[in-house]
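The values are calculated or read from the model by the stated rules, or taken from the named source; none is laboratory data. Since the structure is predicted, the reported quantities are computational estimates derived from the model, not experimental observations. The area values use the complete protein model at the heavy-atom level, side chains included, leaving out ligands, DNA and RNA. Shrake-Rupley method; radii C 1.70, N 1.55, O 1.52, S 1.80 Å.
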Amino acid sequence: MSYRPISSIWKNNISDLIETFEIWWEKLSELIPEKGCDVFFRADDIGYPGKQFSAMIEVFQKNKVPLALAVVPSWVNQIRVQQLYGTLGPNMSLWCLHQHGYKHTNQEKVGKKYEFGPSRDNKKVLAELTKGKLKLNKLLGNNMCPIFTPPWNRCTKETMTTLIELGFIAISRSINVAPFPLKGLPDLPINIDLHTIKEKNPKAGILNLMAQIENAVQSDYAGFMLHHQRMNKTSVRFLDFLLARIAETPSLRIQDMRDMLPK
């Protein structure tokens, strides 16, 4: 797994960050529709245990907030899964462990990054998805949820057809991406990117994150995407503040990703 840079927003002073968001929160609360807004969290690129992963998990445990964990099949083995379980603790009810691609490698020579993109042979896609699903089922057992998050939040229509054939019950990508989800495979997309904000200016990063959250809460839901490899001490402390602040806002309803599936 390659080095993941820390976004500039987390180079702001934590006290200034929290004070700025506290003042802004009153404005945010006024934007939430009368019917309220569902909120869920999804953490990608799971497979290698370590200090950053543990720090993220501890924040969710402390605040008793559910988190969907997108696990890369080729990154895990029996030892790593036991290490992950050691961090997650005996109560697994908070965690929705599900499949995140197969190897999480870009397979396209030009254009946007895909693991399961337009240049891939359908038979190879089927073989890799099947192998990944079987591996996670074996390692995770009853803790495995049949939801699929494609690397870089994108895949082809043919890949989604294959996911249905393999028994996946939902997919989770980014909001408003093509192709449209297929019947029988509802999409639970994220619309807030917490850790890969690209602004080089720390103050601009704050405005970007605020805009994402404002746009999200005015829709049906706010889905946060996390990457623990891109977290530092400032982002960990901000995450703790964010989870607590959301929980204190009556019109924001924290949900388990699994409970957001169509009934």
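Would you calculate, for the chain, the mean residue ellipticity at 222 nm contributed by helices, counting each DSSP H stretch of 4 or more residues as -39,500 (n - 2.57) and dividing by all residues, to the nearest 500? Numbers along the way, then the final one.
Values: 7 runs with 101 residues, N = 263.
-12500 deg cm²/dmol, from helical runs alone.
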Averaged per residue, the 1.4 Å probe accessible area of the chain, protein heavy atoms only, in Å², is roughly 48 Å²
For PHE148, which sequence-distant residues (separation of 5 or more, or a different chain) have an amide H within less than 5 Å of its own amide H, given hydrogens modelled in the peptide plane? ALA170, ILE171, SER172
I'd like the orientation of helix 202-217 relative to the chain: the angle between its Cα long axis and the longest Cα principal axis, in ° from 0 to 90, rounded to 10. 70 degrees
Spelling it out for ARG253: with amide H atoms placed in the peptide plane at 1.01 Å from N, the residues 5 or more places away or on another chain with amide H under 5 Å from its amide H are CYS37, ASP38, VAL39
Between the helical axis of 122-140 and the dominant principal axis of the chain, each derived from Cα atoms, what acute angle in degrees is found, rounded to the nearest 10? 70 degrees
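Exceeding 29 Å between C-alpha atoms, which entries from my cross-link table qualify? They are LYS123/LYS183; LYS27/LYS62; LYS112/LYS133; LYS198/LYS263; LYS109/LYS131; LYS51/LYS123.
Working: LYS123/LYS183 22 Å; LYS27/LYS62 27 Å; LYS112/LYS133 25 Å; LYS198/LYS263 36 Å; LYS109/LYS131 24 Å; LYS51/LYS123 38 Å.
Correct reply: LYS198/LYS263; LYS51/LYS123.
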Hey, what angle do you get for helix 233-247 against the long axis of the chain, alpha-carbon based, 0 to 90 degrees rounded to 10? 80 degrees
